[in-house]
1. When you scan region 34-58, how many residues do you find that are within 13 Å of the chain's Cα centre (by Cα) and assigned to a strand (DSSP E or B)?
2. Just for region 83-101: of the residues that are modelled with pLDDT of 80 or more and open to solvent by less than 20 Å² (accessible area, probe 1.4 Å), which one is farthest from Asn127 (Cα to Cα)?
3. Pull up region 168-204, narrow it to residues that are in a loop (DSSP other than H, G, I, E, B) and in contact with a helix residue (DSSP H, G or I) (Cβ under 9 Å, 6 or more places away or on another chain), then point me to the one that is most open to solvent (accessible area, probe 1.4 Å).
4. Please determine whether any residue of region 65-82 is open to solvent by 10 Å² or more (accessible area, probe 1.4 Å), outside any strand (DSSP E or B) and at pLDDT 85 or above.
5. Sort out which residues of region 146-156 are open to solvent by less than 60 Å² (accessible area, probe 1.4 Å) and either at pLDDT 85 or above or closer than 16 Å to Ile88 by Cα (or both), and write them in order of number.
6. Scanning for something in contact with a Leu (Cβ under 7 Å, 6 or more places away or on another chain) and not in a loop (DSSP other than H, G, I, E, B), does region 152-160 turn up at least one residue?
7. Among the residues of region 102-139, write down those that are under 11 Å from Leu77 (Cβ atoms), at pLDDT 80 or above and small (Gly, Ala, Ser).
Amino acid sequence: MDPVQLPQDSQMSLTDQVQAAPQQVAEDKFVFDLPDYENINHVVVFMLGTIPFPEGMGGSVYFCYPDQSGMAVWQLLGFVTNEKPSAIFKISGLKSGKGSQHPFGAMNLPQTPTVAQIGISVELLENLAQQTPVASAAVSSVDSFTEFTQKMLDNFYNFASSFAVTQAQMTPNPSEAFIPANVVLKWYENFQRRLTQNPLFWKT
């Protein structure tokens, strides 16, 4: 197979931390370090959509952690593809499970018991379809969307609020428009309320 690259906009989110710089360990394999993994319940793997996977290919997503003897245990979480560019995986129940077959060979973990890894292997879609992820890692699509949207809302509101200034602090600029902070807050609260009532309200 010709060398492939993980799309540069592929990222992994760890609770409130986003990692966008994977380590390339082979032509078609990449890993993200997962510090303090024992205190993490879910990981989100997503692409921004500007650079897709090569035609006919996608990424299998693995969770790797050290067992009691320090040996690496690899478990298949699921997949991301151009048609399914994001996924949320539950890893809190996997830390005492059994390992599964994986394409990462005898890769070593970082030399610390508190660091795990998320591995992404770029493979043919037909190969991904034949693999079976760990059942307990799956999160329902509605739950995934709700959690992702909630984190996106929180991130946007916190980001927008960090630029808030009083009218006395504002510097007149005729070419720039200003949005009152209470308008952003009202939108944030309305979206949260509608999401709670119906996570798929945006489809109507």
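The values are calculated or read from the model by the stated rules, or taken from the named source; none is laboratory data. Quantities reported herein were computed from a predicted structural model and do not represent experimental measurements. Backbone-built Cβ (ideal geometry, glycine too); neighbour counts: all protein chains shown. Ligands, DNA and RNA are excluded from the accessible area calculation, which covers all protein heavy atoms including side chains. Shrake-Rupley method; radii C 1.70, N 1.55, O 1.52, S 1.80 Å.
1. The qualifying residues number 7.
2. For region 83-101, the residue satisfying everything is Ile91.
3. Among them, the one singled out is Ile179.
4. yes
5. Step one: of region 146-156, the residues open to solvent by less than 60 Å² (accessible area, probe 1.4 Å) are 146-147, 149-150, 153-154.
Answer for region 146-156, where residues must be open to solvent by less than 60 Å² (accessible area, probe 1.4 Å) and either at pLDDT 85 or above or closer than 16 Å to Ile88 by Cα (or both): Thr146, Glu147, Thr149, Gln150.
6. No, region 152-160 contains no residue that is in contact with a Leu (Cβ under 7 Å, 6 or more places away or on another chain) and not in a loop (DSSP other than H, G, I, E, B).
7. Result: Gly119, single match.
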